[in-house]
Structures are given as structure tokens and as C-alpha cells.
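The values are calculated or read from the model by the stated rules, or taken from the named source; none is laboratory data. These figures come from a predicted structure and were not determined experimentally. We place every Cβ from the backbone using ideal geometry, glycine too, and count neighbours over all the protein chains shown.
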Amino acid sequence: MLSLSLFSSILWLPAIAEDQIYRVKQADGTYLYTRDIPRNHPEAEPVDLPDPLIIKANENLEWQPEASSAPSLKPKLSVSSPSTGGTYQNEAADAIGLTWQSENIPSNLKIQLSLDGKIISPAPGTLPSLARGTHQIQIQAVNSAGNVVTSSDSIEIYVHRPSKRN
């Protein structure tokens with residue numbers, strides 16, 4: 001049995017040895033790549049091929065960037081004014097300036113304001129006059145289909161107005 005295994009291994013050796021790719025320069029300057037041993041082309045060069053990539057069926061193929069790769073280009077939005085927890089009284093609540101920063105926002109996205117869950121588009125530079133109470137502010141970047149791509153953290157402000165008594 002051992003001699004049969006050894007004999008069959010020897011039969012496979014030429015097939016393994018001939019699993020080589022050769023590069024032959026043609027008369028017109030182009031290259032021909034072939035597995036056949038080019039006997040009448042002494043200028044043929046063997047081409048070293050890398051080992052084949054073997055992927056297991058259950059292997060995760062998702063690309064993970066290395067820690068040293070370029071900085072993230074993920075779109076970012078942040079609101080710098082008003083600040084969270086701010087309290088605005090009387091007339092000051094009628095002209096609250098809205099300032100935000102954006103990083104890596106593609107030009108095909110539009111910026112909108114979510115004020116207490118209602119959308120105001122495009123986002124204004126000043127908040128509309130707000131009623132007394134707590135308000136939630138968020139800046140959002142949306143695509144042409146109206147889907148929110150990224151948004152700032154939600155900011156909560158409080159408007160204090162005196163009650164009117166008759």
C-alpha cells in the first residue's frame with residue numbers, strides 16, 4: 001500500500017512542477033502569459049504568483065481599517081449655541097441665535113433643524129420665538145430622499161416667561 005501511495009505521489013509531481021506561469025514578449029511588444037513551457041522562446045520569464053487566497057465559508061470578510069489609517073471622514077454635526085441646559089427669559093427667548101459646526105458633510109446633503117420634533121428646513125440662524133417651557137433642539141443632515149444621514153446630539157433649553165394674569 002505504501003508503494004502505491006509513493007507511486008501516485010510521483011505521478012503528481014510533474015503536474016505540480018508545471019503549475020507555473022510564463023511571460024513571453026511578443027514581436028509587437030505585448031506580453032503573452034501562458035502555462036505551457038515555451039520551448040522555442042528562451043527569453044520567457046517565469047512569473048512568481050502569490051499563494052492563493054483561501055477564505056473559509058464562515059469567515060467574516062468585512063474590511064476593518066488599521067489604527068494607523070487616515071482619520072475618519074464620518075459626517076459630524078454639533079450645536080455650539082445655545083448650550084444645553086440654558087435658560088432664556090422674556091425677550092431674550094425671542095432671538096436665540098443658533099450656531100452649529102459641521103465636518104465632512106457632503107454638498108448633496110441639506111441641513112435642517114429639528115425643534116421639539118418639528119422640522120424646519122433649511123436650518124435658520126435664529127430660533128423662532130419659543131413658548132415657555134422645555135425645548136429640544138437638534139441639527140440634522142438629510143439626503144434627497146429625506147433620510148437623516150447624521151445628526152447632532154439633542155440639546156435641551158428652557159424658556160422662562162412670566163404668566164399673564166388678568
**Asked** Can you tell me which residues in segment 18-44 are polar (S, T, N, Q) and modelled with pLDDT under 80?
**Response** Asn40
**Fill in**
Selection over segment 57-90 where residues are modelled with pLDDT under 80 and more than 23 Å from Val149 (Cα to Cα) yields a count of 10
**Message:** Condition first: among the small types (Gly, Ala, Ser) and either farther than 17 Å from Ser114 by Cα or assigned to a loop (DSSP other than H, G, I, E, B) (or both). Now tell me which residues in segment 79-98 satisfy that.
**Reply:** Ser83, Gly85, Gly86, Ala92, Ala93, Ala95
**Asked** Wholly within segment 105-166, which strands (runs of 3 or more DSSP E) include no fewer than the required count, namely at least 1 residues that are among the acidic types (Asp, Glu)?
**Response** 155-160
**Selected residue (criterion: surrounded by the fewest Cβ atoms within 10 Å (Cβ to Cβ)) from residues of segment 104-118 that are within 17 Å of Lys76 (Cβ to Cβ) and of a type outside the set (A, V, I, L, M, F, W, C)** = Ser107
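Suppose the filter is surrounded by 15 or more Cβ atoms within 10 Å (Cβ to Cβ), hydrophobic (A, V, I, L, M, F, W, C) and over 19 Å from the mean Cα position of the chain (by Cα); does Ala123 pass it? I'd like the intermediate steps shown before the answer.
Details: surrounded by 15 or more Cβ atoms within 10 Å (Cβ to Cβ): yes; hydrophobic (A, V, I, L, M, F, W, C): yes; over 19 Å from the mean Cα position of the chain (by Cα): yes.
Considered against the rule, which asks whether it is surrounded by 15 or more Cβ atoms within 10 Å (Cβ to Cβ), hydrophobic (A, V, I, L, M, F, W, C) and over 19 Å from the mean Cα position of the chain (by Cα), Ala123 comes out as yes.
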**segment 137-151 - residue that is in contact (Cβ under 8 Å) with a residue 60 or more places away in the chain and over 10 Å from Leu113 (Cα atoms) and, of those, surrounded by the fewest Cβ atoms within 10 Å (Cβ to Cβ)** = Val149
